[in-house]
Amino acid sequence: MKKSILWVAAGMMTLAACQKQAGYTIQGTVEGVADGDTVYLQNFENNNLVKIDSAIVKNGTFEFKGQADSIVKSSYVTYMKNDKRMLTLLFVENGNIKVALNEKDSQVSGTPCNDTYQNFMTSYKAIGEELKAIYTKAQQDSTLTAEQRDSLMTLLDEKQEQGMDKVYQTISDCIETPVGVHLLVSFASSFDIEKVEPLLNKIPAAYANDEGVVALKEHAATVAKTAVGKKFIDFEMNTPEGKSVKLSDFISKNKYTLIDFWASWCGPCRQEMPNVVAAYKEFKAKGFGIVGISLDNNLESWKKAIKDLNITWAQMSDLKGWQCEGAALYGVRAIPATVLVDQEGTIVARNLRGDELKAKLAELMK
């Protein structure tokens with residue numbers, strides 16, 4: 001009996017050794033690249049691509065071999081020479097990974113994580129193409145009536161919301177895998193923090209120190225400090241004329257104040273601004289005020305946008321762009337973003353836009 005156990009144990013050790021030796025093989029094809037050129041396997045660290053391996057192209061093919069870490073993470077296969085730029089994300093896990101590298105739509109497959117990620121990306125790109133088609137038709141089809149154009153834009157909003165619901169569901173379904181962790185870090189800014197936090201709690205302990213996960217947890221903690229029901233955080237910046245003012249200077253004067261994070265260079269901000277202007281006109285007499293916090297870094301561009309967009313309310317900025325200190329205090333990582341505060345300084349809503357903003361103000365200022 002003991003001999004049998006020893007044989008089984010020996011067999012298991014041999015199997016484990018074979019599995020370890022098997023490692024990963026990344027076999028790829030690349031379009032339009034000369035023999036002798038180099039393709040790289042790179043990690044993304046501290047906002048930079050760092051080379052970890054290289055392969056020479058021969059007959060339009062390349063190959064990497066190695067042993068995957070116990071914690072599977074994402075890397076990139078890249079080719080960058082002259083004006084040609086090709087890059088695709090993959091998960092380095094043991095097994096045979098296939099890569100088709102090209103400038104339009106690279107593909108990765110062959111192992112569980114890579115198959116899951118590729119299926120997601122195929123679906124996500126299809127949604128993007130559908131949204132692009134609707135938007136193009138609404139903007140360029142001269143035969144459409146104003147009503148038809150508005151209907152298409154409403155459809156666009158609905159499709160976009162449905163698409164993001166699918167993204168969230170995918171992340172939720174695979175959050176305990178490397179793919180789920182990667183997608184959560186990538187798409188977290190598209191969701192309210194209330195939807196992100198439950199997923200953060202499900203991330204495997206092995207990824208607790210992942211650079212993106214750590215940053216996301218820090219962001220969630222920052223947003224929690226300025227969640228609905230919390231007191232606003234005051235800060236001081238300059239007006240376009242160079243006068244130093246505090247956020248509290250305005251909040252104390254209004255029944256409700258909208259803190260509006262925006263920038264002159266932000267397309268969605270400019271599209272949303274007519275709704276903000278309309279809300280201001282409708283509710284100003286009832287005690288509604290706005291303070292614009294610009295993430296601009298160019299004073300003249302900021303001033304021009306204020307004039308062009310008919311902005312007549314108070315404005316502040318430190319002209320530090322995405323390093324805006326006020327935005328950092330509120331965990332703002334995408335704009336437009338808004339925070340609605342009552343006269344006592346309590347936050348009553350976040351990220352209201354369009355009709356939602358008007359509806360909330362109508363409810364509060366009956």
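Points worth noting:
- Residue ID - farthest from the chain's Cα centre (by Cα), chosen from residues in the range 240-264 that are in a loop (DSSP other than H, G, I, E, B) and within 16 Å of A327 (Cα to Cα): S264
- R333 meets all of the listed conditions (1) modelled with pLDDT of 95 or more; (2) of a type in the set (D, E, K, R); (3) open to solvent by 10 Å² or more (accessible area, probe 1.4 Å) but one, namely (1).
- Each residue in the range 21-57 was checked for being of a type in the set (V, I, T) and open to solvent by 90 Å² or more (accessible area, probe 1.4 Å), and 1 pass.
- Annotation note: Cβ proximity below 7 Å between a residue of the range 97-110 that is open to solvent by less than 50 Å² (accessible area, probe 1.4 Å) and a residue that is modelled with pLDDT under 95 and charged (D, E, K, R) (sequence gap 6+ or interchain) occurs for N102/E31.
- Selection of the range 148-188 for residues being open to solvent by 40 Å² or more (accessible area, probe 1.4 Å), among the small types (G, A, S) and over 24 Å from I71 (Cβ atoms) yields only S151.
- Applying the criterion of being among the β-branched types (V, I, T) and assigned to a loop (DSSP other than H, G, I, E, B) to the residues of the range 62-96, the residue that is surrounded by the most Cβ atoms within 10 Å (Cβ to Cβ) is V92.
- Whichever residue in the range 191-219 is open to solvent by less than 70 Å² (accessible area, probe 1.4 Å) and touching a residue at least 40 places away in the same chain (Cβ under 8 Å) and, among such residues, is nearest to L329 (Cα to Cα): H219
- Of the residues contained in the range 223-244, none is found to be aromatic (F, W, Y), open to solvent by less than 50 Å² (accessible area, probe 1.4 Å) and more than 30 Å from D342 (Cβ to Cβ).
- Some residue of the range 122-133 being touching a Ser or Thr at 6+ places or on another chain (Cβ under 6 Å) and either assigned to a helix (DSSP H, G or I) or surrounded by 12 or more Cβ atoms within 10 Å (Cβ to Cβ) (or both): no
- Scanning the range 290-312 for residues that are surrounded by fewer than 21 Cβ atoms within 10 Å (Cβ to Cβ) and within 17 Å of Q343 (Cα to Cα) yields no hits at all.
The values are calculated or read from the model by the stated rules, or taken from the named source; none is laboratory data. All values reported here derive from a predicted model rather than from experimental measurement. Neighbour counts run over all protein chains shown; Cβ positions are idealised from the backbone, glycine included. All accessible areas refer to the heavy atoms of the entire protein, side chains included, with ligands and DNA or RNA removed. Shrake-Rupley method; radii C 1.70, N 1.55, O 1.52, S 1.80 Å.
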